[in-house]
Amino acid sequence: MNILALDLGVRTGWALANGSRRLESGVQTFDLKRGESPGMRYVRFNRWLREVLPAPTIRTVADAQADDWLVVYELAHHRGGAATEIHSGLATRVQEFCAERGYEPAAVHSATLKKFATGKGNADKDMMVTTVLAKWPPTGRSLISDDEADAIALAQYALATLL
């Protein structure tokens, strides 16, 4: 089973774990350029998802099993405003993407993720970053942001509890 973990937002943190448990991670930004319609953010997000997880080419049962993916994303607290609208729009696209490819989507509430990582369901960003650096640091480089830290913790949560 392969995992794509996403901390959705304008700055989307991502972590990719393949069947061998090797973890890659980073941040992808979906800012709008001057004069663009808000929908362009979602067009770029869809394109990026297709690049990260191209449509599977299934020839045999073994190919199908090798292409099993769990796409897990953080379900954030919704307080209204632009961030909520963007998160909801991106989450909808993740669900659609998974449905088209037969991948399994899973949403993990932010408090559940924080409790798994730090032991506290209300951990702040600094505590999450500190915990990820202590438990699951990126190989050979520093963290890009708290968005990447959340995605790494989410991938670890999926490996530990969802598989």
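The values are calculated or read from the model by the stated rules, or taken from the named source; none is laboratory data. The shown structure was predicted, so the numbers you read here are calculated from the model rather than taken from an experiment. Cβ sites come from the backbone with ideal geometry, for glycine too, and all protein chains shown count toward neighbours.
Taken over the stretch 13-47, the residue count meeting the criterion of being charged (D, E, K, R), out of contact with any Gly (no Cβ under 9 Å at 6 or more places or on another chain) and in contact (Cβ under 8 Å) with a residue 40 or more places away in the chain is 1.
Tell me which residues, restricted to the stretch 1-39, are aliphatic (A, V, I, L, M) and assigned to a strand (DSSP E or B). Result: Ile3, Leu4, Ala5, Leu6, Ala15, Leu16, Ala17, Leu23, Val27.
In the stretch 77-88, what residues are touching a residue at least 40 places away in the same chain (Cβ under 8 Å) and surrounded by fewer than 17 Cβ atoms within 10 Å (Cβ to Cβ)? Of everything in the stretch 77-88, just one residue is touching a residue at least 40 places away in the same chain (Cβ under 8 Å) and surrounded by fewer than 17 Cβ atoms within 10 Å (Cβ to Cβ), namely Ala83.
Quick one: in the stretch 95-117, of everything that is part of a helix (DSSP H, G or I) and among the small types (Gly, Ala, Ser), which residue is farthest from Trp136 (Cα to Cα)?
Ala99
Residue-wise test of (1) out of contact with any helix residue (DSSP H, G or I) (no Cβ under 6 Å at 6 or more places or on another chain); (2) on the phi < 0 side of the Ramachandran plot.
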residue: Gly81; (1), (2): yes, no
residue: Ile86; (1), (2): yes, yes
residue: Phe97; (1), (2): no, yes
residue: Tyr103; (1), (2): yes, yes
residue: Ser110; (1), (2): yes, yes
residue: Phe116; (1), (2): no, yes
residue: Gly119; (1), (2): yes, no
residue: Ala123; (1), (2): no, yes
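From the list Glu148, Glu100, the one residue that fits, being in contact with a Ser or Thr (Cβ under 7 Å, 6 or more places away or on another chain) and either modelled with pLDDT of 95 or more or more than 16 Å from Leu6 (Cα to Cα) (or both), is Glu148.
Within the stretch 127-134, not a single residue is touching a residue at least 60 places away in the same chain (Cβ under 8 Å), out of contact with any helix residue (DSSP H, G or I) (no Cβ under 6 Å at 6 or more places or on another chain), surrounded by 13 or more Cβ atoms within 10 Å (Cβ to Cβ) and assigned to a helix (DSSP H, G or I). Within the stretch 135-148, the residues that satisfy the criterion of being part of a helix (DSSP H, G or I) and under 20 Å from Asn18 (Cβ atoms) are Lys135, Glu148. Only a single criterion out of (1) at pLDDT below 90; (2) not in a loop (DSSP other than H, G, I, E, B) is not satisfied by Tyr42, namely (1).
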